[in-house]
1. Please work out whether the range 111-239 counts as rounded, prolate or oblate from its C-alpha gyration tensor, where a ≥ b ≥ c are the square roots of the eigenvalues and a/c under 1.5 means rounded, while otherwise a/b larger than b/c means prolate and anything else oblate?
2. Which whole-angstrom value gives the distance between the alpha carbon centres of the range 68-145 and the range 206-268?
3. Skip the ligands, DNA and RNA, and give the accessible area per residue of the chain with a 1.4 Å probe, whole Å².
4. Please state, as a whole number in µm²/s, the translational diffusion coefficient that the Stokes-Einstein equation yields for the range 89-138 at 4 °C and 1.567 mPa s, with Rh defined as the Kirkwood radius across alpha carbon pairs.
5. Quantify, in whole percent, the carbon and sulfur part of the accessible surface of the chain (1.4 Å probe; protein heavy atoms only).
6. Length gain on complete extension for the stretch Val191 to Trp110, per 0.36 nm per residue less the alpha carbon to alpha carbon distance?
7. Order the following by accessible area, largest value first: Asp152, Asp177. Probe radius 1.4 Å; ligands, DNA and RNA are ignored.
8. With unit charges on the beta carbons (Lys and Arg positive, Asp and Glu negative) and the dipole taken about the Cα centre of the range 122-268, which residue among Val204, Leu262, Tyr168 sits farthest to the positive side?
Amino acid sequence: MRVARPKSAQGLLEEIPFRKGGLSLKARPAMHAYANPARFLKLARPLTPVCLGLGLILILIGCYAGLVLTPKDYLQGDSVRILYIHVPAAWLGMGGWSALAIASIVQLVWRHPLAGVAARAIAVPGALFTAVCLVTGSIWGRPTWGTWWEWDGRMTSMLVLLFLYFAYIALANAGDDRTSVSRATAIFGIVGAVNIPIINRSVVWWNSLHQGPSITLRGSTIAPELLWPLGFTVFGFSFLFAAIVLMRMRANLAEAKREARLRRLAAA
């Protein structure tokens, strides 16, 4: 009985059809060390459960502390506890698009084979956390402001970010390449990053129901007894976000490998 030999890193790379025009293996600089899918997967497989487990543990600790151990706010009462979900969701919605834009730049400038894979993988969880931010903000705003929605700078710019994510996902899925993204999609990812500083500075530039910056480099306006669980949920959801992105990248690479094998069988 013949035993199949394990594929080398070069063989796995050839099996996955990345976009033509990329740098050769010998010409790639140090930043392309993990451009080879085999090397990336070797790192991503153990990292995925680590990020997932660590994220869930931190989220549970942060949510328990925020719901049980912290006191009520003297003005907002128990409704303030939603910040332990709302703030991480807002951070990851904006951070997700920032990472997507960086991956798009790397794809266009250095033609990194996995940059488009990463950008495509980031888009869906980025849109999910942006939607969670909008929903939790609306729930928080009802008892605090007396309204579910207000067309002010912060809320409107976050809604624009959600629509940008939807447009990016539609553009990415419109192409024939189900692994990476097209050049036009990458350019859209970079241009859409203009909205990130608008979101960040909207409460400063325009009159808004939304409170001003609560956490800056100079400190925080949140009471310390309410602030400390927020670190657990921010880092917890960040690790969860990373785990989702790694899982989606691995799934996209596996799908590309399967399609490449089917094409070879059809051509044989």
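The values are calculated or read from the model by the stated rules, or taken from the named source; none is laboratory data. As the structure is a computational prediction, the values presented were derived from the model and not from experiment. Glycine also receives a Cβ, built like all others from the backbone with ideal geometry; neighbour counts cover every protein chain displayed. Ligands, DNA and RNA are stripped out before the accessible areas are found, and what is left, the full protein with its side chains, is counted by its heavy atoms. Shrake-Rupley method; radii C 1.70, N 1.55, O 1.52, S 1.80 Å.
1. Here the range 111-239 falls in the prolate category.
2. 7 Å
3. I get 56 Å² per residue for this part.
4. 117 µm²/s
5. Heavy-atom surface of the chain belonging to carbon and sulfur, 1.4 Å probe: 67 percent.
6. Details: separation 81, 0.36 × 81 = 29.16 nm, distance 1.79 nm.
Contour length minus Cα-Cα distance gives 27.4 nm.
7. Details: Asp152 10, Asp177 40 Å².
Reading off the accessible areas and sorting them downward yields Asp177, Asp152.
8. Result: Leu262.
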